[in-house]
Amino acid sequence: MPTDSIPLQDLPCMSLQGSMLTQSKRINKRKSRGCFSEGLDTECTPTDLIQQYSPRHKHQRLISKGKENDCSQFVLARRSRRKKDSTSAGISWDHLPDELLLKVLFYLPLHDLLRMSLVCKRWHRLAFDESLWHSVDLEGLTHMGPALQQVLKTGVRRLRCPRSFMEGLHITDTGPLQMIQMDLSSSIIPTSALESIISQCRLLEYLSLEGLRLSDTIISSLAKNPNLLQLNLSGCLGFSAPALADLFRSCSRIEQLNISWCEFNSNHVKSVVSNLSSSVTHLNLSGYRESLTLGDVKVLVVRCPHIQTLDLSDSTLLMADSFPVLAQLKYLQHLSLSRCYHIHLAALTDLGKTFPMLCLLDVFGLVHDGHLPSLKKEMPHLCINSKPFSAIARPAPANRPMGPLSDRTMWNRRCRLRFKL
């Protein structure tokens, strides 16, 4: 019979039978699982049993920024990987600006500065920054050639390397040098190398080339330094009188000049006295026995009226008739006439009256030790024979101790970077 023709009263019976069949199937299934034996009615499964036998939810792993075990429940948890905080690890040298690193490197001695230059490219660049190489002292360095070439590239302004061996030195053209003060006294250096160095200098103010062999090329290059204030060419040779005249005409600001004991003839001496400017206040023109004449002294006095210190020692042609000429130097305070043997002792006693401003007088070789006390008594205001060595235009006094006891100053200032034995 079709279901749509079943009487309305018969429908509950069929629904009951259907529900009983369904219930029996559910009971058999649950019995087979051995789970439900109690509390099941014929209508539905209680909600509390569904929740009891449903799959358990997984515990969410606890992540705390603080301590994991603050609560009563003990939990193992893995910390998340985080970048190291730069503040807790300290500031890296790489984070410091160049200006601050240069301040630190400024206090390093020469040896340590060179070692720091090997760390990395950046430190190599900073270690040779010109601000750190303003003044360098290389006295005592064995292999001077490579070191000098490197130093010249750094923009050094004050260079001291006297009594140095530079044989075989070849200086490449590095462009204009910033050199202001340079002392190469008594060094062994090829003339060609010295020509290369001087030819690149335009800012020299203090220069000492004592005892070196020069050339007209070197003298001509020196003439291109109009700011020269002190020049020491004592004991030099190898240049002509015309080149010397051009030098003094171009360098009109020279205040101290030491040009003693050079390989000069009378023409060289005349080139000096005839071209010096009135700015000269300290002059050493000693050692020209047969070359310096009274006529040269007259020219000198006219051209350089402001001389305060004058050394004419070992000028054997000078006699007492030169005193009235020298008396025209109103500012003369120190006069050296040592070994000028044609000047008699009697003429020296009047020097105190002839030179009212005179304070120091050197007459070594003219006055016997037994006569010196009487001469000092005649001129009590004069200090006689107290300066055996001239300090005119020299980087350091000639009687300064050498070696470890030396203060290694250059024109009264020390170099910051110094080579230590």
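Annotations for the structure displayed:
- Within the accessible area of the stretch 206-308 (1.4 Å probe), percent carbon and sulfur: 46
- Label point distance in nm, V302-R253, each placed 7 Å from Cα along Cα→Cβ: 2.8
- Cα→Cβ-extended label distance, 7 Å offset, between E290 and S266, nm: 1.1
- Between the stretch 159-198 and the stretch 87-148, the alpha-carbon center distance in angstrom: 23
- Cα gyration tensor shape for the stretch 277-398, rounded if a/c is under 1.5, else prolate or oblate: rounded
- Label-to-label distance, nm, for residues given as L118 and K103 (7 Å Cα→Cβ offset): 2.9
- When C120, C161 are compared by accessible surface with a 1.4 Å probe, the order from highest to lowest is C120, C161.
- Using 0.36 nm per residue and subtracting the Cα-Cα separation, the extra length available between I91 and H342 on full extension is 82.6 nm.
- Cβ-Cβ FRET estimate between N227 and S131, R0 fixed at 25 Å, reported to 0.05: 0.70
- Most to least packed among 236-245, 321-330 [average Cβ atoms within 10 Å]: 236-245, 321-330
- To the nearest 10, the accessible area of E255 is 80 Å² with a 1.4 Å probe.
- Surface exposure of the stretch 101-228, expressed per residue as accessible area with a 1.4 Å probe, stands at 45 Å².
- For the stretch 267-399, accessible area per residue (1.4 Å probe, heavy atoms of protein chains only), Å²: 46
The values are calculated or read from the model by the stated rules, or taken from the named source; none is laboratory data. Because the structure is predicted, anything quoted here is derived from the model rather than measured. No Cβ is skipped: glycine too gets one built from the backbone with ideal geometry, and neighbour counts run over all protein chains shown. Just so you know, the surface numbers come from the protein's heavy atoms only, side chains and all, with ligands and any DNA or RNA stripped out. Shrake-Rupley method; radii C 1.70, N 1.55, O 1.52, S 1.80 Å.
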